[in-house]
């Protein structure tokens with residue numbers, strides 16, 4: 001039972017009139033009478049109010065949820081009684097979403113149904129849940145009390161990484177405008193070794209591409225076109241250790257790596273190559289064998305959406321041993337991770353160098369923009385000079401570790417966070433066009 005503002009006002013009024021009865025007895029009788037009538041009306045109204053089962057609630061969240069993509073939460077409320085009520089509805093969305101307007105107030109007519117809705121923009125990927133819904137009903141008259149019900153409506157939800165870039169990539173591919181978002185054109189005539197088609201010779205073609213047999217048949221020069229090989233294997237390894245939990249561009253390095261990995265997998269499938277996935281930290285969390293079906297992207301998404309960075313050191317020896325036992329065919333191994341120096345990353349360096357030449361390892365790391373800015377800015381005082389010296393030392397140690405990997409045949413892609421996706425895909429396309437895999 002919840003007392004309304006009207007009830008409290010009547011009780012205060014009766015109390016004030018009763019106090020006046022200390023000077024004039026008639027006021028005391030009036031005050032007591034008002035209080036008694038108020039209590040009687042409260043009991044009568046409360047007894048006549050409907051129960052919880054007279055209202056039906058159902059929460060609806062349409063479609064899949066993606067990070068930073070607006071969506072709507074809808075709650076259907078049905079009144080099964082023959083009386084109208086003023087309702088106050090309050091939902092309990094995940095605390096991480098920080099939604100402050102998950103409430104609704106309105107009149108609900110008898111035998112009617114209304115739909116309450118409010119917007120949400122999931123700020124994080126992962127697994128979350130909506131909790132119960134609270135419903136408070138007020139009768140129009142006398143309106144002295146209200147009833148509040150709690151409806152169990154626990155709804156688990158999955159928030160996936162934003163995949164809008166995939167659709168944008170497909171659209172720009174059809175329009176031939178990939179250069180607008182930083183992708184470099186790598187397909188050139190004469191590259192690749194798989195037969196694609198025959199066409200008439202042009203002065204820009206290489207003489208070694210002339211198909212003399214076909215030319216003799218039609219009595220003019222014919223050129224053979226080749227395309228890059230298909231059905232090659234690409235395995236994406238994502239490190240979820242502590243170094244991947246540091247922030248970059250308002251997100252973690254792990255978030256950026258996952259978005260880049262999904263975009264890369266999309267491109268790999270479009271190129272008719274096989275793509276696989278491996279997620280690890282101090283142990284292997286997930287492994288998907290390389291496949292080229294479109295469903296592979298959905299499988300990857302289900303493994304990646306709830307991955308979090310852990311405050312543990314990544315176990316590279318166990319990871320690479322697991323990979324060695326699972327993947328026997330030559331593959332392009334693209335590892336998203338982070339390095340500090342040669343000593344801290346010695347197991348990473350040893351594992352990647354042992355992969356070559358059976359596999360072609362590509363280590364992808366992200367530069368620290370703040371550290372580079374600290375190094376580039378001129379020092380104005382002793383503190384800034386000290387910070388600049390520390391940044392220079394850390395950058396030098398990191399470059400030594402990257403240089404060590406490169407000297408052992410490991411391809412290292414060290415880019416700024418905002419360039420990660422485009423540069424990874426450009427490197428993959430470059431490797432294919434050169435026939436390195």
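Only the coordinates and a few stated rules stand behind these numbers; no lab work does. For clarity, every value in this text was computed on a predicted model and none was experimentally measured. With ideal geometry, Cβ positions are generated from the backbone for all residues, glycine too; neighbour counts draw on all protein chains shown.
List of remarks:
- Cα-based shape type of region 2-48, given that a ≥ b ≥ c are square roots of the gyration tensor eigenvalues and the cut on a/c is 1.5: oblate
- q = 0.14, 0.18, 0.24, 0.25 Å⁻¹: log10 I(q)/I(0) that the Debye formula gives for region 337-402, counting C-alpha atoms only: -0.51, -0.71, -0.99, -1.04
- Cα gyration tensor, region 377-437 - rounded (a/c under 1.5), prolate or oblate: oblate
- Two-site FRET efficiency, residue 379 against residue 313, from Cβ-Cβ distance with R₀ of 30 Å, rounded to 0.05: 0.35
- Computed P(r) (all Cα pairs; the chain; 10 Å bins; percent): 4, 15, 19, 16, 13, 11, 9, 7, 4, 2, 1, 0, 0
- Under 17 Å from the residue 115 label point (7 Å along Cα→beta-carbon), backbone N, region 32-72: 56-64, 71-72
- Acute angle (nearest 10 degrees) that the helix 164-175 long axis makes with the longest principal axis of the chain, alpha-carbon atoms: 50 degrees
- Pairwise Cα separations in region 223-290 fall into 10 Å bins from 0 onward with the following percentages, short to long: 19, 40, 26, 10, 4, 1.
- By the count of other C-beta atoms within 10 Å, a proxy for reagent exposure, 362, 437 are ordered fewest to most as 437, 362.
- Relative to the longest principal axis of the Cα atoms of the chain, the long axis of helix 253-270 makes an angle of roughly 60 degrees.
- When shorter helices are ignored and each DSSP H run of at least 4 residues is given -39500 (n - 2.57), the per-residue value for the chain at 222 nm works out to -11500 deg cm²/dmol.
- Net lengthening on full extension, residue 285/residue 386 (0.36 nm per residue, minus Cα-Cα): 32.3 nm
- Förster-model FRET efficiency, 60 Å R0, residue 95 and residue 20, C-beta, rounded to 0.05: 0.75
- Helix 382-407 vs. the chain, principal-axis angle (Cα, 0 to 90°, nearest 10): 50 degrees
- Taking a ≥ b ≥ c as the square roots of the eigenvalues of the alpha-carbon gyration tensor, region 1-127 is classed prolate because a/c is 1.5 or more and a/b outweighs b/c.
- Here residue 6 and residue 74 are evaluated by their C-beta separation; at R0 = 35 Å the FRET efficiency comes out at 0.65.
- Over region 233-434: Kirkwood hydrodynamic radius from C-alpha pairwise inverse distances, Å: 17.4 Å
- Residue order, fewest to most beta carbons within 10 Å, for 390, 333: 390, 333
- Region 52-160: proportion of alpha-carbon pairs further apart than 23 angstrom, %: 31 percent
- Likely footprinting exposure, 116, 363, fewest C-beta neighbours within 10 Å first: 116, 363
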